Structures are given as structure tokens and as C-alpha cells.
Amino acid sequence: MQDVLYVEVAVQAGALLHPLRIEVLKKLAEPRSCPELAKELGETSQKIYYHVKILESAGLIEKVDERRVRGIMEGLYRARAKSYWLSSSLVGKVGGASRARDQMSLGFVLSLAEEIQSDVARLGERTGEGEAAPSLGLSLQIELDDAEERARFLTELQETLQGLAKKYAAKGSTAGQEFQVSLVCYPRLERRTE
């Protein structure tokens, strides 16, 4: 089972975005049959089988085994990934695909977040089970009082990152591995708990 399956096809997204199918996916970390899922979810086997077949045909789950139960062959299904991420390209951007150019705009931050999501999801798809991707995450909270202090912070941050970029810039050789470094700064809001 891979860590991440990046959903970029509308058919897959449509199959995924159904409350019962989401519940089925949550139960399929380990192989289960439709009757087992039906019992756990309080549904009929026929209803679960219908939704399992939709998930399977969309490539979101896979049949991993079969067994004979009281003379009938019963399929065992498992989720293809631990996480499913929806690509923002499924909806697109209102007004076209032009990327916001102003680094201090919310549009630029959203474009950067979409780029990071896509890169991380693809990395997760290529990383085998039990294999670690060479990555690093950093999150911190700061407090800036006014626009003047925000401008000073941005200037100092840019100077620091430019110094690091000069020191560790891609050398054009094939010996080392290139890494993407992205940084966003946005006002902290209370997180939804629903």
C-alpha cells in the first residue's frame, strides 16, 4: 500500500467523494470482504458490493485475494493508499490558470501550496512502503505588530534565504540530489474542528 494516491482524474474524485465510500476506504487499511464491511458499517452486502466496485473501477482500491465461503467466491479488497489527496486542478482557477506574481498576495501563497501538494503527493506515490523520503518540514509561529515590522521581517528573511541559496545552490552536477525549498507566511487563524 502506498502512502499517498494523488487524485487528478474527475472520475476518481467523483468515486471518492461519497460518504459511504469514504467510510469503506477507512475500513480497508487491511483486506476485507464486502460482507465483513457490510457488518461493520451496518449496511447490506449488496450495497457495499456496489460501492466497492465503483472504488475498484476508479483505481482507489484493489482486490488482493479471494476465498471460498460456503461455496461462494468472496473477494478481499484493500485501499491502494493510506491517504488520498485531491488535486486542485480538478476544479481549476476562476479566471484562468495564470499564476499570481505578487509574492505578498494570497494568490501566490495558494499557488505555492498547490505546487507543494502536487510535489509531495507525487513523492509519496514513488516512495515504497517502509521507505522514507528524504524530506524536512518546518513550521513556526511569529508575531508581527504592524506593516513596518512585517516589511523588516520580509527583508531579513529574504537576505537570510538568499545567503543560504548562494551557499547551497544547485551546482548543475548529477552527484547531488536537488531539493525544493518553499516558504509561506500568512496570518494564523483558528482551525476548524469539524
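Check VAL64: other-chain or 5+ apart residues with amide H under 5 Å from its amide H, H built from backbone geometry?
For VAL64, the qualifying residues are LEU76, TYR77, ARG78.
DSSP beta bridges in the stretch 1-87, what fraction antiparallel, as a percent rounded to 5? It would help to have the intermediate numbers written out before the result.
Numbers: 9 of 14 bridges.
The antiparallel fraction comes to roughly 65 percent.
Toward the positive end of the charge dipole of the stretch 9-77, about the Cα centre and with charges on Cβ (Lys, Arg +1; Asp, Glu -1), which of PRO31, TYR49, LEU17 goes farthest?
The one lying farthest along the dipole's positive direction is TYR49.
For the stretch 1-52, what class follows from the C-alpha gyration tensor (a ≥ b ≥ c being the square roots of its eigenvalues): rounded when a/c is under 1.5, otherwise prolate if a/b is larger than b/c, else oblate? All intermediate terms of the calculation are to be shown ahead of the outcome.
Numbers: a/c = 2.63, a/b = 1.52, b/c = 1.73.
Oblate.
Using the Karplus equation 6.51 cos²θ - 1.76 cosθ + 1.60 (θ = phi - 60°), what ³J(HN,Hα) coupling, rounded to whole Hz, does each residue of the stretch 108-120 give in order, writing x for Gly and Pro?
For the stretch 108-120, the Karplus-derived couplings read 5, 4, 5, 4, 5, 4, 5, 5, 5, 4, 5, 4, 5 Hz, x marking Gly and Pro.
Quick one: length gained pulling ALA169 to ARG68 fully straight, 0.36 nm per residue minus the C-alpha distance? All intermediate terms of the calculation are to be shown ahead of the outcome.
Numbers: separation 101, 0.36 × 101 = 36.36 nm, distance 5.92 nm.
Length gained between ALA169 and ARG68: 30.4 nm.
Throughout, read-outs are computed from the coordinates displayed, never taken from laboratory work. Because the structure is predicted, anything quoted here is derived from the model rather than measured. Cβ sites come from the backbone with ideal geometry, for glycine too, and all protein chains shown count toward neighbours.
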